[in-house]
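Okay, structure first, notes after.
FYI, it's all coordinate maths here, none of it is from the lab. Since the model is a prediction, treat every value here as computed from it, not as a measurement. Note that we place each Cβ from the backbone using ideal geometry, even for glycine, and neighbour counts take in every protein chain shown.
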Amino acid sequence: MGLSCWRGRAESRSGPHGAGVAPFESVAELRSTRRTARGFVKARYPGRLAGRRIRSPMVDWVYWLQWGAFWLMFSPVALAFQLRPERRTTWRVVGA
């Protein structure tokens, strides 16, 4: 639901290029920003770090238990919000 609302606001603010260049105003601005970031390169996550953990399995289980209880209590609220009618409907015709 949150993503749907965010997408609706982003679509109304997007320029002629749409969501493809979302944080930027134009393709030219995106290109110039990419060219100035010389040290930026995509890289795989290092294999030597794959086994590291942030917290213990017991703490992970406690967090999972808390979130599970939260979702069980508040899932009817989320379903009630989903029952609301849409504010706007868009139609798109796609040719084959």
Qualifying GluC sites (Glu not before Pro) for region 22-95 [loop in DSSP, other Cβ within 10 Å: at most 13]: Glu25, Glu86
Kirkwood-based shape ratio for region 39-96, expressed as Rg/Rh from alpha carbons: 1.26
At most 14 other Cβ within 10 Å, DSSP loop - chymotrypsin sites (Phe, Trp or Tyr not before Pro), region 23-94: Phe40, Trp91
In nm, spacing of pseudo-spin labels at Tyr45 and Trp91 (7 Å Cα→C-beta vector): 4.5 nm
